[in-house]
Amino acid sequence: MKKSLYILIVAVVVALVPTTASAQFNLSRLLGGLSKVASAQTEKEDPYQRLAEAAPSASTLNGNWTYQSASFSYLGQNPLADIAIAQIDPIVASMLQQLKITPGSAKLRLSGGKGTITHGDHKLDGSYVYTRSKASVVAQTTLDGKTVKASGYVRYASGELTIMLDARELISAMTTLMPELKSDQNILLVETLIKDLKDVYIVGKFTK
């Protein structure tokens with residue numbers, strides 16, 4: 001249990017954990033949704049520009065945070081990708097269900113570029129670099145001599161801190177730390193859906 005807990009916490013770096021259990025990939029729902037999407041891509045306001053414009057100060061990140069929820073998010077402009085990504089949330093929930101972490105049980109402490117995540121008797125330390133002009137963050141931690149990194153973005157509103165980390169980087173970190181996960185069917189399915197997509201993030205929400 002301890003090994004699995006550390007591996008998955010490291011993978012998401014900042015305690016991105018599930019709230020539900022089911023992990024059935026609904027292919028019919030995906031195909032049905034695809035049939036309703038127009039082939040032309042829609043123009044959207046640049047989500048990265050919005051993040052940058054609303055970037056919190058570095059001091060806002062400091063403090064003790066409590067995990068609330070986790071999900072996948074796609075920030076690109078491909079409507080077909082939006083539908084595919086919507087299928088991943090229950091898969092991730094199943095992958096992480098073994099941790100038995102519920103909202104409120106995982107804690108995250110951030111302070112001046114250092115981070116610590118705790119769950120029960122387990123603790124993991126890491127570091128991060130935050131660039132306010134872009135609202136971007138790069139987080140790093142080491143376990144059993146293996147160092148993993150993940151980059152992404154942060155936002156803050158109404159007392160809630162949202163941390164978005166690149167999904168492909170997190171999966172790469174997981175399989176680096178635990179090579180046997182490369183044959184896990186859930187991992188393979190998520191990898192297949194996002195392997196050619198940029199702008200896919202695992203999103204964790206935290207409150208004080």
| request: Kindly provide the set of residues from the stretch 191-208 that are at pLDDT 80 or above, of a type in the set (A, V, I, L, M) and either part of a helix (DSSP H, G or I) or under 23 Å from T102 (Cβ atoms) (or both), ordered by number. | output: I194, I202, V203
| task | Those residues that are under 10 Å from the mean Cα position of the chain (by Cα) and of a type in the set (D, E, K, R), I need them from the stretch 151-167; list them, please. | result | D166
| message | Restricting to the stretch 91-131, name every residue that is farther than 23 Å from K198 by Cβ and at pLDDT below 75. | response | A93, S94, L96, Q97, Q98, L99, K100, I101
| remark: Restricting the stretch 172-184 to residues that are part of a helix (DSSP H, G or I), closer than 14 Å to T147 by Cα and not polar (S, T, N, Q), the one farthest from the chain's Cα centre (by Cα) turns out to be L177
| Of the numbered conditions (1) surrounded by 15 or more Cβ atoms within 10 Å (Cβ to Cβ); (2) closer than 20 Å to A86 by Cα, L188 satisfies every one except a single condition; which is it? | (1)
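The values are calculated or read from the model by the stated rules, or taken from the named source; none is laboratory data. The shown structure was predicted, so the numbers you read here are calculated from the model rather than taken from an experiment. Virtual Cβ from ideal backbone geometry, glycine too; neighbours counted across all protein chains shown.
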